[in-house]
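Please read the structure below before turning to the comments.
The values are calculated or read from the model by the stated rules, or taken from the named source; none is laboratory data. Please read all numbers here as calculations on a predicted model, not as lab measurements. Neighbour counts are summed over all protein chains in view; Cβ atoms, including those assigned to glycine, are modelled from backbone coordinates with ideal geometry.
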Amino acid sequence: MKTVEHTLDTLPPLTEAQKSDLKRLAALPDDEIDASDIPELTAAQLSEMKRPEHFRPVKKQITARLDADVLAWAQGQRQRLTVNVDGSVACSGVVRR
């Protein structure tokens, strides 16, 4: 079998049929997508996964109002406040990572 490699710059354009399929799939709720032909990852496989060394999440600057006691607690952690906010939101289940 011939191996073909592409970069984002060399990908061929999508056909109309492919665009139509992607729109149809994007409209489906997750529970209606058949993924039965994709094996689930084992706990061992998941434990070996690592983010690439060059991975840097996109950060956006915001302004937020916090209760004084929450701010005092965060500053007392001796870590950057952004780390605490990111971790708190991620751990709360509001954002999936």
Worksheet item: Looking only at residues in the stretch 81-92 that are surrounded by 11 or more Cβ atoms within 10 Å (Cβ to Cβ) and not small (Gly, Ala, Ser), which one is modelled with the lowest pLDDT?
Response: Val83
Worksheet, complete the sentence: Residues of the stretch 1-32 being assigned to a loop (DSSP other than H, G, I, E, B) and acidic (Asp, Glu), in sequence order, are Glu5, Asp9
Item to complete: Out of Ala72, Ala44, Ala64, Ala35, report the one residue that is surrounded by fewer than 10 Cβ atoms within 10 Å (Cβ to Cβ) and either basic (Lys, Arg) or part of a helix (DSSP H, G or I) (or both).
Response: Ala44
Worksheet item: Of the residues in the stretch 47-57, how many are of a type in the set (Asp, Glu) and part of a loop (DSSP other than H, G, I, E, B)?
Response: 1
